[in-house]
Amino acid sequence: MRTKILAIVLICLFLICCTAYRLHYDIALVDVERPEEAKERYGERKIIRLEEAYYKYAFEDEMIKILWIIHPTHLEFLMRNKTNHSIRILWDEGAYVDESSISHRIIHGKVKFDDRTKSIPPGIVVREGILIAEVLPADYITDSKLIGSRINPLLPYEYKYFVRKKESDFKQFLEDSAEKVGKTIQLLLPLQIEGVIHDYIFIFKINDVELAKEK
């Protein structure tokens, strides 16, 4: 009981004594790498920016059409299977590559946080079917006794500016964020169809970052 009361007091102090700033990143899908056999079998690729839509970018070849949006803590996609065969998404063999070129194991949004280190069954997209999924790096989830599990952002995203916090800390936050511009993040999705695995690597470029005061 005392722990809960302390947590409430800390949250109240937090809301009173700090100013929150958030960053908005302009992140674009700039390339999709496929194996040679996928290029030969599934033809030319198209990457399209979608204006005034929920999903911001689309990739399409003769096997799939996949729509993307980047959230602060995860990537979300809608995939349509354009073939007459089921497609298996091999989550255990996928990877998120951060802006420092470090590879991370991925999970999808329906995996319980406590199960994030366990093997994940493949996702199935039936013939001419659709699958919607959220994807995030498994090790970006951290545990705390006070607030429980939380998802760390893909990129520096939010700054809580306390009254006693040093101005230099805020400047460093902005500098660290600005250094991300021009770099890329990548997502490897191994897609299995008719027993053959095709590694699709979706490459997103960080074009710009803007600061907005929240409250």
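The values are calculated or read from the model by the stated rules, or taken from the named source; none is laboratory data. On a predicted model such as this, the values are computed, not experimentally measured, just so you know. Glycine gets a Cβ as well: all are built from the backbone with ideal geometry, and neighbour counts include every protein chain shown. What goes into the accessible areas is simple: the full protein's heavy atoms, side chains included, and nothing from ligands, DNA or RNA. Shrake-Rupley method; radii C 1.70, N 1.55, O 1.52, S 1.80 Å.
Between E210 and K39, what FRET efficiency follows from the Cβ-Cβ distance if R0 is 41 Å, with the result rounded to 0.05?
0.65
Return the subset of K46/K183; K56/K180; K110/K183; K112/K183; K65/K205; K46/K205 for which the Cα-Cα distance in this structure is over 25 Å, preserving the input order.
Correct reply: K110/K183; K112/K183.
For the pair K82 and D115, how long in nm is the line joining their label points, each one 7 Å along Cα→Cβ?
About 3.3 nm, to one decimal.
Tell me, what is the FRET efficiency for V181 and I102 to the nearest 0.05, using R0 = 22 angstrom and their Cβ-Cβ distance as r?
0.75
Within the set of other residues whose C-beta is less than 10 Å from the C-beta of I130, count the net charge using Lys and Arg as +1 and Asp and Glu as -1.
Net local charge, I130 excluded: +1.
Per residue, how large is the accessible surface of region 72-187? Use a 1.4 angstrom probe and give square angstrom.
About 57 Å² of surface per residue is accessible.
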